[in-house]
Amino acid sequence: MSGEILLSRDGDIATVALSNPERMNALDKRMWMGLGAAIRELDADESLRCIVLRGAGEKAFAAGADISEFHAERANAEQAKKYGQDVARSMRALSECRHPTVALIRGACVGGGLLVASQCDLRICSESARFGVPVKNLGLTEAYDELQGMMLAVGRAASLEILLEGRIWGAREAYEKGLVCRVVPDADVVTETYATARRISDGAPLVARWHKKFIGRLADPRPLTAEEHDESFACFDTEDFRTGFAAFLAKKKPGFVGR
């Protein structure tokens, strides 16, 4: 039985769940394709303000790729390249999504699961979460598109440590490496992750999208253009700025509309 991507909605917060319970949410081809499709669908939704990405159940975020399908889908370099193109499209959909994304991590977050979580903007984990990319034990490399998010999150030295050693490590080390931004007691991780999503969604949505764009652009060494500099002041012409400014003066909570 193959896995699936479960999509749910609570107002302006969407949840995308990786579900393959018999294999600790390991990602098979159907799930990779479904993940990309779900994120692209949500990206186009103007009413959305935040996406939570999680594993179904409590045992795992995702325990890597589903090795059971390798003999049929990734048996040689030619097959693996085609498969990798599907993976890359889903990774890009997640990393380039205009809405803020938060990974809720419980249990195992290893291999491809760790690399998927790395594409999110924020990562919050439980104290018992476990991390690692032990593909060296399979004689496999992770492709460039798969590694990019982890490299941006933890840097060159830590990325090499993770890949060359291939060991499994805990939540505190994940925090020290910069892979997760917060470690929360197991009983509180769901509540805290959705509270974080709510704080994000309560802000001006255009501002959240702009900040994602600006931070991503600053990682590019090319000089900023005049048009890009000008865009950093465009918020002053929005209805949301006028709403937020008036609410601040009146000591009220603003009701942003995304215009």
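The values are calculated or read from the model by the stated rules, or taken from the named source; none is laboratory data. Fair warning: this is a prediction, and the values are worked out from it, not measured in the lab. Here the Cβ is made from the backbone with ideal geometry for all residues, glycine too, and neighbour counts use every protein chain on show.
Could you grab me the full set of residues in the range 43-77 that are part of a helix (DSSP H, G or I) and touching a residue at least 60 places away in the same chain (Cβ under 8 Å)?
Residues of the range 43-77 part of a helix (DSSP H, G or I): 43, 67-73, 77.
If the condition is that a residue be part of a helix (DSSP H, G or I) and touching a residue at least 60 places away in the same chain (Cβ under 8 Å), then ILE67 is the only one that fits.
Which one is modelled with the lowest pLDDT among residues in the range 44-74 that are aliphatic (A, V, I, L, M) and surrounded by fewer than 15 Cβ atoms within 10 Å (Cβ to Cβ)?
Initially, the range 44-74 is screened for residues aliphatic (A, V, I, L, M), giving 44, 48, 51-53, 56, 60, 62-63, 65, 67, 72.
Those still in the list that are surrounded by fewer than 15 Cβ atoms within 10 Å (Cβ to Cβ) too: 44, 72.
Values: ALA44: 95, ALA72: 75.
Filtering the range 44-74 for residues that are aliphatic (A, V, I, L, M) and surrounded by fewer than 15 Cβ atoms within 10 Å (Cβ to Cβ), the one modelled with the lowest pLDDT comes out as ALA72.
Picking from TYR144, TYR83, which residue would you name as being among the aromatic types (Phe, Trp, Tyr) and surrounded by fewer than 18 Cβ atoms within 10 Å (Cβ to Cβ)? Before the answer, list the steps.
Numbers: TYR83 fails: surrounded by fewer than 18 Cβ atoms within 10 Å (Cβ to Cβ).
The conditions single out TYR144.
State whether the residues of the range 2-21 include one that is among the charged types (D, E, K, R), within 18 Å of ALA93 (Cβ to Cβ) and not in a strand (DSSP E or B).
no
Within the range 169-221, which helices (runs of 4 or more DSSP H) (wholly inside it) include 2 or more residues that are free of Cβ contacts under 8 Å to residues at least 40 places away in the same chain and within 22 Å of ILE51 (Cβ to Cβ)? So that I can check it myself, show each step before the final result.
Values: elements: 171-177, 189-202, 205-218.
Output list reads 189-202, 205-218.
Do you know which residues across the range 24-42 are charged (D, E, K, R) and either in contact with a helix residue (DSSP H, G or I) (Cβ under 7 Å, 6 or more places away or on another chain) or part of a loop (DSSP other than H, G, I, E, B) (or both)? Steps first, answer last, please.
Start the filter on the range 24-42 by keeping residues that are charged (D, E, K, R), which leaves 28-30, 40-41.
If the condition is that a residue be charged (D, E, K, R) and either in contact with a helix residue (DSSP H, G or I) (Cβ under 7 Å, 6 or more places away or on another chain) or part of a loop (DSSP other than H, G, I, E, B) (or both), then ASP28, LYS29, ARG40 are the ones that fit.
Of everything in the range 136-161, what is assigned to a helix (DSSP H, G or I), within 12 Å of LEU115 (Cα to Cα) and touching a residue at least 40 places away in the same chain (Cβ under 8 Å)? Give them in sequence order.
First, the residues of the range 136-161 that are assigned to a helix (DSSP H, G or I): 136-138, 144-161.
After this cut, where a residue has to be within 12 Å of LEU115 (Cα to Cα) as well, the list is 144-154, 159.
Result: ASP145, GLU146, GLN148, GLY149, LEU152.
Does GLN79 satisfy being in contact with a helix residue (DSSP H, G or I) (Cβ under 7 Å, 6 or more places away or on another chain) and modelled with pLDDT under 95?
Details: in contact with a helix residue (DSSP H, G or I) (Cβ under 7 Å, 6 or more places away or on another chain): yes; modelled with pLDDT under 95: yes.
Spelling it out, GLN79 is indeed in contact with a helix residue (DSSP H, G or I) (Cβ under 7 Å, 6 or more places away or on another chain) and modelled with pLDDT under 95.
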